[in-house]
Amino acid sequence: MTWLVTGAGGMLGTDLAARLPGAAALGRSDLDLLDPDAVRAALREHRPSTVVNCAAWTAVDDAEADEDGALAVNGTAVETLAGACAEIGARLVQISTDYVFDGRGDRPYAEDAPANPVNAYGRTKLAGERAAAKAGAYIVRTAWLYGAHGPNFVRTMTRLAAERDTVSVVDDQLGQPTWTGDLADRIIALVESGAPAGIYHGTSAGQVTWYGLTREIFILLGLDPARVRPVTSAEFPRPAPRPAYSVLGHDGWAAAGLPPMRGWREALHAAWPTLR
C-alpha cells in the first residue's frame with residue numbers, strides 16, 4: 001500500500017506522515033490544491049493507492065468574511081482531488097469536522113445524523129464531504145484537535161498558565177479533545193482494515209468543556225486548577241458561531257469491526273510529553 005498525504009505540514013499531516021515511512025508528504029509549498037493540473041500531475045507522479053487529504057482552510061472566523069475562499073480549499077479542491085484519485089484508482093480519505101452539525105443536540109451525533117452547519121467553515125467542509133462521498137471516499141470527522149506540530153488550544157492554555165494568575169475559559173461548549181497522534185493511528189488502521197467507505201467519527205471518547213479541559217491541563221502542569229475560571233460563550237463573542245454541543249458518536253467503528261478511540265483524558269496524558 002502506498003500513501004500520499006496532502007497538508008503534510010500541518011498538525012495532523014505531520015503526525016500521519018511520520019507514521020508512514022515512504023509516503024509522499026506534500027505541504028502547501030509542494031502542491032497547490034487549487035490548481036487541478038498540478039493535482040493530477042502529483043498523483044500521476046506518485047501513484048498512491050491511498051490519498052489522505054489533511055489540507056484545509058481551518059481559520060473558522062476568517063471564513064465568515066471570505067466564504068468563497070474557504071469553499072475553494074474545503075470544497076472545490078476536494079472535488080478536484082477526488083477526481084484525480086478516480087483517474088488513477090486511488091482511495092481518498094477526507095478529513096472533516098464536527099462543525100457540519102449545528103450543536104443544538106444533547107446526545108452524540110451519529111455518523112448519519114442530518115448535517116446543519118451554523119457557520120461558513122462548517123458549510124464549506126460539508127461541501128467537501130459531499131464531493132468526497134460521490135467518489136466513494138472515507139470521510140473522517142474530527143474535532144478539538146491538538147498535537148505537537150502546530151498551534152492549538154492545549155499549547156495556548158499552557159502558555160497562558162505561565163503568563164497569567166487566572167485564565168477565563170468557556171464552560172458552555174461541550175466536545176471531545178482529540179490528539180492528532182491517536183487520529184493518525186486510527187486513519188491508518190481504518191484504511192488497512194479494508195473497512196467499507198463512508199463516514200467515521202475520529203474523536204476521543206468521552207466529553208468535556210473547554211473549561212474542564214483547561215483544568216486538566218493545569219493539573220498536568222502541576223498548577224492549581226482553581227486558577228481556571230468558567231465563563232460563557234457570550235462573554236467571548238466571535239465572528240463565527242460555535243456549536244454548543246460537539247460530541248460525536250462512534251458506532252461506525254464497531255460496525256467496521258474496529259475499536260473506538262480511547263478517552264480524551266487518557267489520550268491527553270499520553271500525549272503530554274510530546275506537547276512540552
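Observations on the structure shown:
- Yes/no for Ala77 being over 18 Å from His201 (Cα atoms), at pLDDT 95 or above and in a loop (DSSP other than H, G, I, E, B): no
- In the range 31-51, the residues that are over 10 Å from Leu81 (Cα atoms) and in contact with a strand residue (DSSP E or B) (Cβ under 6 Å, 6 or more places away or on another chain): His46, Pro48, Thr50
Okay, residues lined up against (1) of a type in the set (A, V, I, L, M, F, W, C); (2) within 19 Å of the chain's Cα centre (by Cα); (3) within 14 Å of Lys125 (Cα to Cα):
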residue	(1), (2), (3)
Ala17	yes, yes, no
Ala23	yes, no, no
Leu31	yes, no, no
Val39	yes, no, no
His46	no, no, no
Thr58	no, yes, yes
Ala63	yes, yes, yes
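- Residues in the range 125-145 that are in contact with a Ser or Thr (Cβ under 9 Å, 6 or more places away or on another chain) and in a helix (DSSP H, G or I): Lys125, Leu126, Ala127, Gly128, Glu129, Ala131, Ala132.
- Residue match in the range 203-216 (condition: part of a loop (DSSP other than H, G, I, E, B), out of contact with any Lys or Arg (no Cβ under 9 Å at 6 or more places or on another chain) and surrounded by fewer than 22 Cβ atoms within 10 Å (Cβ to Cβ)): yes
- Qualifying residue in the range 49-70 (condition: in contact with a Lys or Arg (Cβ under 6 Å, 6 or more places away or on another chain), crowded, with 17+ Cβ neighbours inside 10 Å and under 23 Å from Ile188 (Cα atoms)): yes
- Some residue of the range 172-190 being in a helix (DSSP H, G or I), of a type outside the set (Val, Ile, Thr) and closer than 21 Å to Tyr121 by Cβ: yes
- For the range 166-221, the set of residues classified as under 13 Å from the mean Cα position of the chain (by Cα) and among the acidic types (Asp, Glu) consists of Asp182 only.
- Criterion: in a loop (DSSP other than H, G, I, E, B), charged (D, E, K, R), closer than 19 Å to Gln176 by Cα and in contact (Cβ under 8 Å) with a residue 40 or more places away in the chain - qualifying residue of Arg104, Arg155: Arg104
- All told, Ile199 meets the bar of being in contact with a helix residue (DSSP H, G or I) (Cβ under 7 Å, 6 or more places away or on another chain) and assigned to a strand (DSSP E or B).
- When the test is whether a residue is modelled with pLDDT under 95 and out of contact with any Phe, Trp or Tyr (no Cβ under 8 Å at 6 or more places or on another chain), Gly150 passes it.
The values are calculated or read from the model by the stated rules, or taken from the named source; none is laboratory data. Keep in mind that what you see is a predicted model, and the values were worked out from it rather than measured. FYI the Cβ positions are ideal-geometry reconstructions off the backbone, even for glycines, and counts take in every protein chain you see.
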